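Everything on this sheet refers to the single structure shown next.
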Amino acid sequence: MKYTYTEKKSLSKLKIIIMKNVIILFALILGNFGLAQQKESSLEHTLSINQNGALKLAEQANLEAAKLNKQISIAILNNSGVVILLLKGDTVGPHNTEASRRKAYTALSTKTPSFILMQKAAANPTAQNLNTLPELLLLGGGVPIWKDGELIGSIGISGGGSGENDHNIAQKVAENLGFSTSK
């Protein structure tokens with residue numbers, strides 16, 4: 001097929017326009033890919049206890065407390081320290097509700113069961129100053145909840161008759177549902 005000079009010139013211009021558009025399209029694709037990678041590197045994906053998980057933990061806690069003929073207050077925090085669930089047993093004093101929240105906070109914040117922290121503080125006079133921090137409560141009953149090496153929340157139990165009972169209930173709850181209380 002033979003083209004006239006004008007047709008050849010038009011085809012040449014058309015090729016240039018197509019090539020420019022391909023280059024622009026390619027640059028946009030790469031630019032968006034780089035932007036997506038940049039956004040991805042500034043995001044963090046973490047596991048955290050949600051409302052459904054908190055309800056399962058609370059149900060398990062009440063079952064464990066029933067084995068001791070106790071009613072309890074239960075606090076469950078997500079990995080950011082936000083209260084996801086707070087329950088007060090019918091026959092439990094109102095102070096236990098706040099105690100369970102603070103035990104859960106202590107366990108989450110220190111990544112240590114509050115019972116163990118209490119024992120360490122009793123053995124080390126300088127660690128007793130932890131009691132002066134407003135949110136920490138050095139009584140047994142709070143445990144951090146770990147899943148696959150990641151801290152996902154905590155549970156605090158109060159009203160079980162002793163800090164040791166509260167600790168044992170919280171510990172069993174985590175274990176019964178396949179979680180760990182240490183990293």
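Brief remarks follow.
- Whether the stretch 75-149 is rounded, prolate or oblate, judged on the alpha carbon gyration tensor where a/c under 1.5 counts as rounded: oblate
- Signed unit charges on C-beta, dipole axis of the chain, positive-most listed residue Ile29, Ser162, Leu68: Ile29
- For the stretch 79-120, a/c is not less than 1.5, where a ≥ b ≥ c are the root eigenvalues of the C-alpha gyration tensor, and a/b does not top b/c. That puts it in the oblate class.
- For the listed residue pairs Lys147/Lys172; Lys103/Lys183; Lys120/Lys172; Lys70/Lys120, the alpha carbons are over 25 angstrom apart in Lys70/Lys120.
- Each Lys and Arg adds +1 at its Cβ and each Asp and Glu adds -1 at its Cβ; summed about the Cα centre, the chain shows a dipole of about 1280 debye.
- Cβ-based charge dipole, the chain, positive-most Cα from Gln128, Ser182, Gly93: Ser182
- Taking θ as phi - 60° and the Karplus parameters 6.51, -1.76 and 1.60, the scalar couplings of the stretch 126-132 work out to 6, 6, 5, 5, 4, 5, 7 Hz in sequence order, x denoting glycine and proline.
- Overall form of the chain per C-alpha gyration tensor (a/c, 1.5; a/b vs b/c): prolate
- Between amide H atoms placed 1.01 Å from N, distances below 5 Å from Leu85 occur with Ile76, all of them 5 or more places distant or on a separate chain.
- Estimated vicinal HN-Hα couplings, Hz - the stretch 94-105 in sequence order (Karplus 6.51, -1.76, 1.60; Gly, Pro = x): x, 5, 5, 5, 5, 4, 5, 5, 5, 5, 4, 5
- Relative contact order %, the chain, counting alpha carbon pairs below 8 Å whose residues are six or more apart: 21 percent
- Helical mean residue ellipticity (222 nm; -39500 (n - 2.57) per DSSP H run of 4+; nearest 500) of the chain: -17500 deg cm²/dmol
- Bridging of Lys13 to lysines at a Cα separation below 29 Å is possible for Lys2, once same-chain residues fewer than 8 apart are set aside.
- 19 Å Cα-Cα reach of Lys111 towards aspartates and glutamates, excluding residues that sit fewer than 8 places from it in its own chain: Glu135, Asp148, Glu150, Glu164, Asp166, Glu175
We did not get these values from a lab; they are worked out from the coordinates using the rules stated. From a predicted model like this one, the values you see are computed outputs, not experimental measurements. When we count neighbours, we look across all protein chains shown, and the Cβ atoms used for this are built from the backbone with ideal geometry, even at glycine.
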